[in-house]
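The values are calculated or read from the model by the stated rules, or taken from the named source; none is laboratory data. None of the values given here were measured: they were computed from a predicted structure. Heads up, the Cβs are rebuilt from the backbone with ideal geometry, glycines too, and the neighbour counts pull from every protein chain shown. Accessible surface is based on the protein model in full, side chains and every heavy atom, while ligands, DNA and RNA are left aside. Shrake-Rupley method; radii C 1.70, N 1.55, O 1.52, S 1.80 Å.
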Amino acid sequence: MQPPIYNHHRLPPAGAPSQQQPPNQQPSVLSASSNARLNEFFELIKNEFEQVGQDGNVWKAQRDEYEAKIQQQINELGLIRQSLYELEANHAKVRQEYEGEISRLRRELEARGGPGGGPSGPSAGGPTSPPDLPRPGNDERPPYGNSLPGPPLNGNEPGGSRSPYPPPGGIIPRSTSTDRERDRRNRERAVAASNVPPSPPVHLSDLDPENVSRELKKEGGDWQAMWSSQMKKHLDVALVHTLEHETVVCCVKFSNDGKYLATGCNRTAQIYDVKSGGRVTTLQDEAANRTGDLYIRSICFSPDGKFLATGAEDRQIRIWDIKQKRIRHLLQGHMQEIYSLDFSRDGRFLVSGSGDKSARVWDIEKGLCVFDLRIEDFIHNEHGPIDAGITSVALSPDGKLVAAGSLDTMVRVWNVQTGQQVERLKGHKDSVYSVAFSPDGKCLVSGSLDRTLRIWDLTGTKREAEILAPGSKDIQKNLGTCQSTLNGHKDYVLSVAISPDGQWVVSGSKDRTIQFWHIATGQAQLMLQGHKNSVISIDLARSGGYLASGSGDCMARIWKYEPYSGRESG
């Protein structure tokens, strides 16, 4: 039994409340703490909700503001579109009035007994041209384009367009018989006033057809040829076929045997029989993007005539099996438009030139790129490096050298076997749009937007390339020399070629003429007129005797040239 003291309960102090309460009346400390904490959380959530609501109101106000601005811009675009429609309608009205006035003046002139229009007679409007290359810069380019055009094939020139193509959808000015008559009278008055006999024109393009003797002039239904009085008449020429197209003819090329001619247009390549002038086949890639235009800028037959290579604005090279009308290879890798193609004589390789500043050598059998020849020696001006987009490429007959003309005025030459650049030819004052080797490979001709042609002697360059060890850094450039400069065109020289016998250089120009030049003397032999727009592309058949020309007038023409016998050919 425990002592009583252990059963003693200590009494609370006087006046203090008794700590002993019924169990159901004791407060829970834990419950009170939880309630306070919960109230805290509710307050935080409330504050957060109110903040989100305020942010939502701000965002809604911003959204309403943006929507109002977008609607305002849409309204402004609608006004601009309406203005464009009105301008287009006014332009069509002015154009119609202009054409009506031309027709009235022509009828009035004919009623007075004035002379009729010649081969370059007026035309109501011009065909739509392929888009300029950003222009071999977009002159845009080129054939190009910027273009060769970047180029493009174009560049900017104060006071006018640098594009070699006709203005898109615009009226192309034509010289009328009234203009020629007025110019002739003005010249006669000037001569009579000065009492000084006129000096003979320096260039064929300066000749007045009305004053050319019959012996030095030949006229067809819608074409004419004029010979230089400064040189003996060596060649005779005649029009064989006129091949009408629906769009601008960007390129023309004969097959190796000279039996067929290929032309490149918008989306299609067409092959014609040279003898009959009939169309043999049309090649079109149905899988290509159908949006917008897709001009074929370059075209080339394989040496055996079984395949046709085409280069287009979609940066792809298509190798067509002509007989089966299907694509055998699709060569991809260029970053800009393909402006030029050339097969090697053995048909194993194809060289392509592009506005991306590179020429590529392709193995046709494998469909692979063997060499990527890139321009690295850029020319600089006060604004930085000049666009060096390649507008034209040509393989030497022995297949060892490839030459390329570019927008930066230079002609560069590479060794195909090593991929090394072995030459840079400087002399042109503007973009180079076309290059071609002579049959022996010793000379190269180039045509430029500076309106001239240059003939280069590459004897030293060939010799250096042959003895240079692969991978050698000790490359001696500037061995090529300018043999002669051919002046005579009034506008851009867009295409050049050399005859199979190596005696004649032929050039096509934006001035709508084709000229034959004697390569040894540099003198112009004759000038052909007939196209109503820029002569964009020319080619001479390797089998000899035929010239082809493609133009912005949507025509390709086949001409026959031969040694002059003293009798006029039909």
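Going residue by residue through segment 269-277, is there one that turns out to be within 21 Å of the chain's Cα centre (by Cα) and open to solvent by 10 Å² or more (accessible area, probe 1.4 Å)? Working first, answer last.
Start the filter on segment 269-277 by keeping residues that are within 21 Å of the chain's Cα centre (by Cα), which leaves 269-270.
Still in the list and also open to solvent by 10 Å² or more (accessible area, probe 1.4 Å): 270.
Yes: one or more hits.
Taking segment 58-115 only, how many residues are touching a Ser or Thr at 6+ places or on another chain (Cβ under 8 Å) and more than 30 Å from PRO209 (Cα to Cα)? Please lay out each step first, then the result.
Here is the first cut: in segment 58-115, the ones touching a Ser or Thr at 6+ places or on another chain (Cβ under 8 Å) are 102, 105-106, 109, 114-115.
Of the ones still in play, those that are also more than 30 Å from PRO209 (Cα to Cα) are none.
Selection size over segment 58-115: 0.
Having 2 or more residues that are modelled with pLDDT of 95 or more, small (Gly, Ala, Ser) and in contact with a strand residue (DSSP E or B) (Cβ under 7 Å, 6 or more places away or on another chain) is the bar; report the strands (runs of 3 or more DSSP E) wholly within segment 267-358 that clear it. Give the steps one after another, and end with the answer.
Details: elements: 268-273, 279-284, 296-301, 307-312, 317-321, 326-331, 338-343, 349-354.
So the answer is 307-312, 349-354.
Cβ contacts < 6 Å: first residue of a type in the set (S, T, N, Q), restricted to segment 245-265; second residue open to solvent by less than 10 Å² (accessible area, probe 1.4 Å) and not in a strand (DSSP E or B), any location; separation 6+ or different chain. Result?
THR247/CYS265; THR263/VAL249
Output the residues belonging to segment 85-114 that are among the hydrophobic types (A, V, I, L, M, F, W, C) and surrounded by 11 or more Cβ atoms within 10 Å (Cβ to Cβ). Walk me through how you get there before you give the answer.
Keep residues of segment 85-114 that are among the hydrophobic types (A, V, I, L, M, F, W, C), which gives 87, 89, 92, 94, 102, 105, 109, 111.
Matches in segment 85-114: VAL94, ILE102, LEU105, LEU109.
A quick yes/no check of all residues on (1) farther than 14 Å from VAL445 by Cβ; (2) within 26 Å of the chain's Cα centre (by Cα); (3) not in a strand (DSSP E or B):
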position	(1), (2), (3)
SER507	no, yes, no
PHE516	no, yes, no
LEU528	yes, yes, no
SER543	yes, no, yes
LEU547	yes, yes, no
GLY550	yes, yes, no
ASP553	yes, yes, yes
ARG557	yes, yes, no
LYS560	yes, no, no
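Is it true that some residue in segment 457-470 is among the hydroxyl-bearing types (Ser, Thr, Tyr), open to solvent by 30 Å² or more (accessible area, probe 1.4 Å) and at pLDDT 95 or above? Show your work before the answer.
Step one: of segment 457-470, the residues among the hydroxyl-bearing types (Ser, Thr, Tyr) are 459, 461.
The next check asks that each one be open to solvent by 30 Å² or more (accessible area, probe 1.4 Å); those that pass are 459.
With at pLDDT 95 or above added as a condition, the list becomes none.
For segment 457-470, residues among the hydroxyl-bearing types (Ser, Thr, Tyr), open to solvent by 30 Å² or more (accessible area, probe 1.4 Å) and at pLDDT 95 or above: absent.
One line per residue, one yes/no per condition, for (1) of a type in the set (Asp, Glu); (2) open to solvent by 20 Å² or more (accessible area, probe 1.4 Å); (3) part of a loop (DSSP other than H, G, I, E, B):
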site	(1), (2), (3)
LEU373	no, no, no
GLU376	yes, yes, yes
ASP398	yes, yes, yes
GLN417	no, yes, yes
ARG424	no, yes, no
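Among the residues of segment 347-364, are any open to solvent by 10 Å² or more (accessible area, probe 1.4 Å), under 23 Å from ARG267 (Cβ atoms) and aromatic (Phe, Trp, Tyr)?
For segment 347-364, residues open to solvent by 10 Å² or more (accessible area, probe 1.4 Å), under 23 Å from ARG267 (Cβ atoms) and aromatic (Phe, Trp, Tyr): absent.
Hey, among ASP511, ASP539, ASP553, ASP501, which residue is of a type outside the set (Phe, Trp, Tyr), farther than 16 Å from HIS234 by Cβ and either modelled with pLDDT under 95 or surrounded by fewer than 22 Cβ atoms within 10 Å (Cβ to Cβ) (or both)? If you could, list the steps in order and put the result at the bottom.
Values: ASP539 fails: either modelled with pLDDT under 95 or surrounded by fewer than 22 Cβ atoms within 10 Å (Cβ to Cβ) (or both); ASP553 fails: either modelled with pLDDT under 95 or surrounded by fewer than 22 Cβ atoms within 10 Å (Cβ to Cβ) (or both); ASP501 fails: farther than 16 Å from HIS234 by Cβ.
Of ASP511, ASP539, ASP553, ASP501, the one residue that is of a type outside the set (Phe, Trp, Tyr), farther than 16 Å from HIS234 by Cβ and either modelled with pLDDT under 95 or surrounded by fewer than 22 Cβ atoms within 10 Å (Cβ to Cβ) (or both) is ASP511.
Between ILE296, ILE319, ILE327, which is of a type outside the set (D, E, K, R) and in contact with a Leu (Cβ under 8 Å, 6 or more places away or on another chain)? Spell out the reasoning first.
Numbers: ILE296 fails: in contact with a Leu (Cβ under 8 Å, 6 or more places away or on another chain); ILE327 fails: in contact with a Leu (Cβ under 8 Å, 6 or more places away or on another chain).
Just a single option satisfies the conditions, and that option is ILE319.
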